[in-house]
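The values are calculated or read from the model by the stated rules, or taken from the named source; none is laboratory data. Since the model is a prediction, treat every value here as computed from it, not as a measurement. Positions of Cβ are generated from backbone atoms using ideal geometry, with glycine treated the same way; all protein chains shown enter the neighbour counts.
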């Protein structure tokens with residue numbers, strides 16, 4: 001049965017795709033598990049870094065499980081399948097903790113879009129990335145032409161989406177999409193994660209929000225989150241809430 005496991009080891013959480021019989025392709029249930037795990041991680045203050053991994057095999061993730069959407073009507077395909085994938089990937093991208101994708105195999109279609117929703121990626125030297133949707137008569141639907149186009153040069157996205165070309169690991173690294181190419185990508189990613197656990201979690205979270213706002217990753221929400229964090233730490237917030245609870249006029253201090 002396809003699943004996404006969550007394991008927590010100290011300050012590092014690991015989400016692991018588990019559908020090896022279908023090259024770790026994503027099902028509706030797996031999408032919901034990713035969203036649920038993200039919600040759980042947000043509520044756990046001990047978690048500092050997240051690894052997104054997959055069961056060993058030829059692919060990190062071959063994209064969306066075609067049997068899940070092949071029989072859907074055009075309306076249901078657009079309204080539910082595509083929008084649900086966006087909802088989950090956006091949730092992952094906006095996670096307050098840094099996320100490292102461990103590409104121990106090929107990242108294709110939705111699998112590449114999933115990796116693009118992470119903060120950085122570590123890749124095996126034999127792995128490739130690709131957008132093969134046109135081979136089955138569809139187009140990228142989970143941000144392959146949007147978020148991915150902010151992380152890779154537009155001509156490279158065109159290469160994959162319009163011409164079906166695969167990009168090898170070393171080229172993905174040279175393009176800046178991959179942080180590191182390693183024979184053991186899991187070990188390399190874990191080393192990065194362990195080093196990050198010694199950093200200030202508040203600084204890391206704020207930095208992620210700032211970068212997200214600059215990169216147009218839900219800019220409006222990121223700006224409001226930063227503003228809310230700043231005002232929540234102020235004396236005015238404490239006075240205003242206290243006055244409301246005590247049913248008296250607030251006495252705000254000067255700037």
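Kindly indicate whether any position in the stretch 226-245 is in contact (Cβ under 8 Å) with a residue 12 or more places away in the chain, touching a helix residue (DSSP H, G or I) at 6+ places or on another chain (Cβ under 7 Å) and under 30 Å from residue 122 (Cα atoms).
yes
Could you please find all residues in the stretch 213-223 being exposed (fewer than 13 other Cβ atoms within 10 Å of the Cβ) and in a helix (DSSP H, G or I)?
Selection gives 214, 219, 220.
Can you pull out the residues in the stretch 46-65 that are closer than 13 Å to residue 6 by Cβ and part of a strand (DSSP E or B)?
Residues satisfying the conditions are 50, 51, 52, 53.
Considering each of 28, 53, 67 in turn, give the residue that is at negative phi and either at pLDDT 95 or above or surrounded by 22 or more Cβ atoms within 10 Å (Cβ to Cβ) (or both).
53
Test each condition in (1) touching a residue at least 60 places away in the same chain (Cβ under 8 Å); (2) on the phi > 0 side of the Ramachandran plot for residue 164 and report the one that comes out false.
It fails just one condition, (1).
Inside the stretch 200-212, can you point out the residues that are loosely packed, with under 13 Cβ neighbours inside 10 Å and assigned to a helix (DSSP H, G or I)?
Hits for the stretch 200-212 are 202, 203, 211.
Return the residues of the stretch 225-255 that are closer than 30 Å to residue 151 by Cβ and surrounded by 13 or more Cβ atoms within 10 Å (Cβ to Cβ); say none if nothing qualifies.
Scanning the stretch 225-255 gives 225, 226, 229.
Just the residues that are farther than 17 Å from residue 192 by Cα and in contact with a helix residue (DSSP H, G or I) (Cβ under 7 Å, 6 or more places away or on another chain), please, taken from the stretch 1-16.
Scanning the stretch 1-16 gives 2, 3, 4, 6.
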